[in-house]
Amino acid sequence: MSKTIRTPWYDKTIEALQLAGMSGSTQEAYARVVRKIIGHYGKDPRQITEEELQEYFLFRRNVTEWSPSTLKICYCGLKFFFINVLRRDWHFFNILKAQLEKRLPCVLSREEVIHILQQVKTFHNYNCLTTIYSCGLRLQEGLFLQVSDIDSHRMLIHVHRGKGAKERFVPFPGKTLYRRIYIRSLQYSGFL
């Protein structure tokens, strides 16, 4: 975690987000949004009017040209702050919508994947990346994957730290089973 300037509003925002059960990364993103609007207007957030909030969103959308995903974080963070911390339920929040991006995911061909994996020199890293790719894991899920999470009898991987702190099981492809056997032969206990 990076160093953050602590203000009373930062602390109140973090406390409200923790009570709402938001993850640490969401807490940081929403608190950053609150800091940005306070810095933009240079005044106590209780003095920011509904019109100023509307101007701020239009400024971020049209002048600084924030991406739709960044704008969505901004919308959600400020809506949470003004409704739950400052207790302001303005009409503006009912009409506020973030434009959704409609992009197709980048899908690599089999040859491109093989070429990328061939560039990985250490077997440990190769093993980890191949397991992440072949099982369709998110990077963070793969980084916290442990050998004990792999059930070779049922051919499943138990993901403990998934998105939104949710647990799930994912299928474990048979071709990657040899990696688990290799790891056990090294008597490696811990993370993949």
Of everything in region 98-131 that's hydrophobic (A, V, I, L, M, F, W, C) and part of a helix (DSSP H, G or I), which residue is surrounded by the fewest Cβ atoms within 10 Å (Cβ to Cβ)?
-> Ile114
Considering only region 167-192, state which residues are within 30 Å of Gln27 (Cα to Cα) and either modelled with pLDDT of 80 or more or among the polar types (S, T, N, Q) (or both).
-> Glu167, Arg168, Phe169, Val170
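Taking the conditions exactly as written (assigned by TED's automatic domain parsing to the domain that holds Ala20, without any contact (Cβ under 8 Å) to a residue 60 or more places away in the chain and of a type in the set (Val, Ile, Thr)), does Thr130 satisfy them or not? Can you show your working first?
Numbers: assigned by TED's automatic domain parsing to the domain that holds Ala20: no; without any contact (Cβ under 8 Å) to a residue 60 or more places away in the chain: yes; of a type in the set (Val, Ile, Thr): yes.
So Thr130 does not fit the description; no.
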Can you tell me which residue within region 132-166, out of those that are surrounded by fewer than 16 Cβ atoms within 10 Å (Cβ to Cβ), over 21 Å from Leu117 (Cβ atoms) and aliphatic (A, V, I, L, M), is modelled with the highest pLDDT?
-> Met155
Quick one: in region 43-85, which of the residues that are outside any helix (DSSP H, G or I) and surrounded by 14 or more Cβ atoms within 10 Å (Cβ to Cβ) is farthest from the chain's Cα centre (by Cα)?
-> Ile48
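The values are calculated or read from the model by the stated rules, or taken from the named source; none is laboratory data. Predicted, not measured: the structure shown is a model, and the values here were computed from it. Quick reminder, even Gly has a Cβ in these numbers, built from the backbone with ideal geometry, and neighbours come from all protein chains shown.
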